[in-house]
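In what follows, a single structure is set out as C-alpha cells and then discussed.
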Amino acid sequence: MDFLTALPVLPGNHAIASMLMTVVALFMFTREQWPLEITSIGLLALIAVGFALFPYQDFEPTHLFAGFGHEALIAVCALMVLGQGLVHTGALEPVGRMLGQLWGKMPRLSFLVVLVVGAILSAFVNNTPIVVLLLPILISVCMRSGSSPSRVLMPMGFATLVGGMATTIGTSTNLLVVSVAQDLGLEKFGMFDFALPAVIAASVAGVYLWLIAPRLLPERKMDLADGSPRLFEARLLLPEESPTCGQTLADAIALTGGKLQVVRIRRGDTFITPLPDVVLRPDDQLRVRNTPQKIKEFEEALQAVLYSGDQRVDEEHPLSAENQMLAEIAVVQGSSLDRQNLGYAQFLDRYQLTVLALHRAGRDILRADEEIREVVLQAGDILLVQGSKEQVANIKQSTEFLVLDSSIELPSTDKAKTALLILASVVTLAATGILPIAISALAGVCVMLLTRCISPGRAIRAISPSVYFVVVVSLALGMALQETGATAYITDVFLALTAGSGPVVVLSALMALLAIMTNVISNNAAAVIGTPIGVGIAVSLNLPAEPFVLAVLFGANMSYATPMAYKTNLLVMSAGNYTFSDFMKVGVPLTILMWVTLTWVLSVMYF
C-alpha cells in the first residue's frame, strides 16, 4: 500500500492517450509482418487525427509533422548516403585488402585488428557499410583456412555497434539523443564529448569479443547451398508421336501440370519466342531449365527425347551443368533489390543469374503460394543463385550485392579517394564546430552527387525507409508525450519505483531499461522516448542532466541480445547461419558487461 500511495496521480486524458499510443507503437514495431514504414505512417496519421478531433490546449496538430524536417533526421539520411558512397566507390578497399593479407600470417592477431578497425570506422560511418566491407573478408579467410565463419562474424558485427557509441555521428541513435536533448534546453554535445566512457567500455567489450565470444558460438558450416538442387539446361526434342505436335505450347505446359517453363523454341535454323499460342511441330526443340528430376518428368509427360548439348541423355550420359556454379549473395542496403522483388527488378535479365532459394535470418521466406520472383526482399536477405563463373564475378564488382565466397575481390573505382576526402571533410567541419553535422553532411552528399561518386538513384535507395519513418513517428510521439505531461508522469513513476536509491542506482536502472527496450523495439524510438525521461529524472533529483542523457544514449545502443534489434544483426545472422539463441548466448553477456562498465564509468565521472 505504501508503494501505491507513492505513485503519482494519473495525468489528463490526452497524456493517457499519448502513453497508450506509445505502447501501441512499440508493440507494432515488434511485428515483423507489418513493414515499419507503413506502421509508422499509419501511427503518425492516427496521432495527428486524434489531436485534431480532440484539441489539447494550444497544441497545433500539424506540429507533429516537424520531424520530417528535423535536424537529426536530415543528418541521419545524409550520413546514410555518404556511407553508401564509400561502398559504391570502394573507398574502403585498401583496408579490406590489408586485413585479408594480414589474416593469412597471424589469424588470432588479425581478428583483433578486424574488431578494432571495425569499431573505429563505425565511430564515423554508419556501421552497415563497415559490415558489408568486413563480411566477405572474414568469410573468405575462414573458408580458405577451413575454420568456421560463425565463430567470428557475430563478434565483428557487435564490434561495429560498440564503436558506433563513441561519437555523435556514430549511429542514428546518437544523433537523435543529442538533438532531442538540445531541443529540451541542454547544451549541445560535441562530437567527441562522450568518447572517453565509450572507449573504456569498448575496450572491455573488445576483450570479450576477441577471446570469449568465439568460444560461446557453435562451429557452424555455411551449408545453405547444399540443400538446394542445381538447375540444368536441356533440350526436349518432339518426335512425331509426341501428343504435343499440332498442339499449342499452352497445351504442352498443361500436360506438365503448369510447371514447364520454356526458355526458347528452335525450329530448324530459326528460333521462336515461346508464346502460349505457338503451335508445336515435329522436330521442334524446347529449351528448358530446371532440376534433373523435373526435366525427366517433362520428358515423360511430353513423350519427348531429352538432349544435353548434342548428347542424348541416358544413364551413361547424365545431365551436366558445365561452367555453372552456385553462389550465395546478400542484399545490402541501397541495393536495387532492397524492398523490391526479383521480377520487378528484372534480376535474371540484368545479371543472368537464376535464384534457387531465398533465406532471411537463416530460414526460408518463400510461402507455399508464392513464387521466388514475387517475394519482396530486404537488406540482409540471402539469395542462392546459379550462373556462369563470369556472371558471378561480374556481380561481385557491382557493389549492389555481397557475394559470400572464398575470394577477396573488393570493388574499387577511380572515385574512391574523392569519396574518402568528402567524408573526411564532413567529419572535420562537424568536429571543429565550423558547421553543424546536418549541414556538413548534406553538403557532403551534394559534392558526392556532383563528383559522381554516387548516382541520384543510388543515393535515394541508400536512405532506409524504415529508419526514416520510424524516426519521424518517434519524434511525433516524443512531442505528444512532452506536451501533454505524459513524460513528467512517466518520470515520476520511475522515481517512485527507485525511491530511496542513490543517483548511481537510478542512472543504472535507466540504462538497463533502455537496453531492454532497444532489443525489443526500434532503438531510435527508445532513444527519442527515453531522452526526455532522462532529463526529467535529472531535474527532479537536482542532478546534472548529462550523465542521464548518456545513460539513455548508451542503453539505446546496446542492440546485442536479439537479431531484430539492429539491421546489421540480421545481415550477420543470415551470413553466419546463426539462430536466435546464438544472439542471446553472446549478446546478453555483452549487454550486462557494457551496462556494468558504463554505470561505473559514468558514476566516477559525474557523481
Just check the stretch 1-110 against the gyration tensor rule for me: Cα atoms, a ≥ b ≥ c as the square roots of the eigenvalues, rounded for a/c under 1.5, and otherwise prolate or oblate depending on whether a/b exceeds b/c.
prolate
Please report the relative contact order for the stretch 232-312, taking Cα pairs under 8 Å with a sequence separation of at least 6, and give it as a percent rounded to a whole number.
48 percent
The stretch 232-312: radius of gyration and largest Cα-Cα distance (Dmax), Å
11.1, 30
Percentage relative contact order, the chain, counting C-alpha pairs under 8 Å, at least six apart:
22 percent
Rounding to the nearest 20 debye, state how big the charge dipole of the chain is about its Cα centre with +1 on each Lys and Arg Cβ and -1 on each Asp and Glu Cβ.
1280 debye
Output wanted: per-residue J couplings in Hz (rounded whole) for the stretch 208-218, from phi through Karplus 6.51 cos²θ - 1.76 cosθ + 1.60, θ = phi - 60°, x for Gly and Pro.
4, 5, 7, 9, 9, 3, x, 6, 7, 9, x
Among (1) 69, 30, 23; (2) 51, 28, 22; (3) 56, 35, 26, find the value of semi-axes √(5λ) of the Cα gyration tensor in Å that was calculated from the structure presented, and write down its label.
(2)
Exposure proxy order (Cβ contacts within 10 Å, fewest to most) of Trp595, Trp600:
Trp600, Trp595
Label the stretch 532-607 by shape, choosing from rounded, prolate and oblate, from the square roots a ≥ b ≥ c of the eigenvalues of the Cα gyration tensor; if a/c is under 1.5 it is rounded, and otherwise prolate applies when a/b is larger than b/c, oblate when it is not.
prolate
Rounded, prolate or oblate: which fits the stretch 112-198 when a ≥ b ≥ c are the square roots of the eigenvalues of the alpha-carbon gyration tensor, with rounded for a/c under 1.5 and prolate only if a/b beats b/c?
prolate
Given 10 as the ceiling on other Cβ atoms within 10 Å, longest exposed-site-free region of the chain for trypsin sites (Lys or Arg not before Pro) in DSSP loops:
106-366
Here the stretch 440-455 yields Karplus 3J(HN,Hα) values (6.51, -1.76, 1.60; θ = phi - 60°; whole Hz; Gly and Pro given as x) of 5, 5, 5, 5, x, 4, 4, 5, 4, 5, 5, 8, 6, 5, 8, 7
Starting with the fewest neighbours, write out Cys453, Cys77, Cys245 ranked by other beta-carbon atoms found within 10 Å of each beta-carbon.
Cys245, Cys77, Cys453
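FYI, it's all coordinate maths here, none of it is from the lab. Please read these numbers as outputs of a predicted model, since none were measured by experiment. Virtual Cβ from ideal backbone geometry, glycine too; neighbours counted across all protein chains shown.
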